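The values are calculated or read from the model by the stated rules, or taken from the named source; none is laboratory data. These numbers were taken from a predicted model, which means no experiment stands behind them. Glycine also receives a Cβ, built like all others from the backbone with ideal geometry; neighbour counts cover every protein chain displayed. Remember, those area values only see protein heavy atoms, side chains included, never the ligands or the DNA or RNA. Shrake-Rupley method; radii C 1.70, N 1.55, O 1.52, S 1.80 Å.
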Amino acid sequence: MGERTAALENLGMTDFWKDRRVLVTGHTGFKGSWLSLWLTKMGADVYGLALAPDTDPNLFDLMNLETRLDHGLGDIRDGPTVLRRVEQVRPEVVFHLAAQSLVLRSYEAPVETWQTNVGGTLHLLDALRQGGRSATVIVITTDKVYENREWEYPYRETDPLGGHDLYSSSKAATEILVQSWRDSYAAEGKLRLATARAGNVIGGGDYSENRIVPDIIRALEAGKTIDVRNPSAVRPWQHVLEPLSGYLRLAEMLHGDSAHDRAYNFGPAADNLRTVMDLAKRALDAWPGAAADQWRDVSDTKAPHEAGLLAVASDLARQHLGWSAQWPFEIAVDQTIGWYHAVRNGASPLDISLAQIADFEAG
């Protein structure tokens, strides 16, 4: 029992969250749904602000999360809507996940991407400022905010920001906005503000377009060959619960000490850097009845640019927050594929998600 308690405390899973008023923007999305579920499990009073889920199926509806939290629909791009929701909730902690989060979609919808990711963040921060209340705010960006030179050196929080595609550049601009906001209103001392940059996230319940795991699952469920766009691309794969545990830990630490108001990377250990092909092959191993060669390379030299190599260093999170990733690549993939296979066979998405959270908390 002592080891379990220590593990929970290290992850920030303490009584801090009980009855805490928490606003989650983007709560209907993949990561937002997992985070909202975890917060409600710990006893937080969770309030959401997001658009309706944009896929069918989607994790939010599969887990019937609307019955477990205060569900608020609204567009983060609309300032008055955001202000009304902030005034209703009067949050103590805010997790800002609402975003246009797909690289390929950013090529098709550049204005929407920037209006959502930069403009939406601006509306949220201004609504909190107008409310004049103290709050701890964690703004979720991405590991793609860095000026990626395709080298093996893992990017640190002090490295230059950049962004080849419109999604990445919008998130880099969000980082600059948050730093500017922090500097501009530091004297007011109302908001404790930090950003979180996470590596590539996988997990059960993601049904997005043009993402490797949902593409794999759709192919496996249909008994088809998996199309792999960039098999040699290297990514810092991690289960969704890894960065979420970091966000929770950061919020708890920042709430008690404003010295943590900065950017933090949340990524896996170096040996979890694997290719997209490695991910596809491990998924095939984990899916009962799948053939090892049930995939094919569909690389297209004319396709929009996507990074070939990306890694982040999480030294600051480890040193300042006591956070580090705990599930290796193989377990992360197995838990992910196991979630989809269990749900396909009739398991409750809510029950299996809670069970995986419990496994993660146990260390």
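Determine, yes or no, whether residue 108 is without any contact (Cβ under 8 Å) to a residue 12 or more places away in the chain and surrounded by fewer than 19 Cβ atoms within 10 Å (Cβ to Cβ).
Details: without any contact (Cβ under 8 Å) to a residue 12 or more places away in the chain: yes; surrounded by fewer than 19 Cβ atoms within 10 Å (Cβ to Cβ): yes.
The answer is yes for residue 108.
Criterion first (of a type in the set (Asp, Glu), crowded, with 18+ Cβ neighbours inside 10 Å and over 17 Å from residue 326 (Cβ atoms)) does residue 285 satisfy it?
So residue 285 does not fit the description; no.
Name the single residue that is most open to solvent (accessible area, probe 1.4 Å) among those in the range 57-74 being assigned to a loop (DSSP other than H, G, I, E, B) and free of Cβ contacts under 8 Å to residues at least 40 places away in the same chain.
The extreme case among them is 68.
Quick check on the range 165-174. Is at least one of its residues hydrophobic (A, V, I, L, M, F, W, C) and either at pLDDT below 95 or within 17 Å of residue 98 (Cβ to Cβ) (or both)?
Among the residues of the range 165-174, at least one is hydrophobic (A, V, I, L, M, F, W, C) and either at pLDDT below 95 or within 17 Å of residue 98 (Cβ to Cβ) (or both), which makes the answer yes.
With the requirement that a residue be part of a loop (DSSP other than H, G, I, E, B) and open to solvent by 60 Å² or more (accessible area, probe 1.4 Å), what does the range 205-219 give you?
209, 210, 211
If a residue has to be surrounded by fewer than 24 Cβ atoms within 10 Å (Cβ to Cβ), at pLDDT 95 or above and closer than 20 Å to residue 325 by Cα to count, how many in the range 1-36 make the cut?
0
With the requirement that a residue be part of a helix (DSSP H, G or I) and of a type in the set (A, V, I, L, M), what does the range 152-204 give you? Explain how you work it out, then say what you get.
Step one: filter the range 152-204 for residues part of a helix (DSSP H, G or I), giving 166-184, 186-188.
Across the range 152-204, the qualifying residues are 166, 172, 173, 176, 177, 178, 186, 187.
Considering only residues that are open to solvent by less than 30 Å² (accessible area, probe 1.4 Å) and either assigned to a helix (DSSP H, G or I) or of a type in the set (Ser, Thr, Tyr) (or both), which ones fall in the range 322-337?
329, 332, 333, 336, 337
Out of all the residues in the range 255-275, which are assigned to a helix (DSSP H, G or I), open to solvent by less than 60 Å² (accessible area, probe 1.4 Å) and out of contact with any Lys or Arg (no Cβ under 7 Å at 6 or more places or on another chain)?
260, 272 - these are the residues of the range 255-275 that are assigned to a helix (DSSP H, G or I), open to solvent by less than 60 Å² (accessible area, probe 1.4 Å) and out of contact with any Lys or Arg (no Cβ under 7 Å at 6 or more places or on another chain).
Do we find that residue 341 is modelled with pLDDT under 95 and out of contact with any Ser or Thr (no Cβ under 8 Å at 6 or more places or on another chain) in this structure?
Taking the combined requirement at face value, the residue does not satisfy it.
Please pick out the residue among 94, 89 that is more than 20 Å from the chain's Cα centre (by Cα) and in contact (Cβ under 8 Å) with a residue 60 or more places away in the chain.
89
Under 7 Å between Cβ atoms, which residue pairs at least 6 apart in sequence (or on different chains) link something in the range 283-295 that is under 11 Å from residue 219 (Cα atoms) and among the hydrophobic types (A, V, I, L, M, F, W, C) with a partner that is open to solvent by 70 Å² or more (accessible area, probe 1.4 Å) and part of a loop (DSSP other than H, G, I, E, B)?
Once the first residue is under 11 Å from residue 219 (Cα atoms) and among the hydrophobic types (A, V, I, L, M, F, W, C) and sits in the range 283-295, its partners that are open to solvent by 70 Å² or more (accessible area, probe 1.4 Å) and part of a loop (DSSP other than H, G, I, E, B) give 284/292.
List pairs: first residue in the range 155-171 and closer than 20 Å to residue 273 by Cβ, second residue open to solvent by 30 Å² or more (accessible area, probe 1.4 Å) and assigned to a helix (DSSP H, G or I) anywhere in the structure, Cβ distance under 8 angstrom, at least six positions apart or on different chains.
Final answer for the pair search is 156/315; 156/316; 157/316; 168/144.
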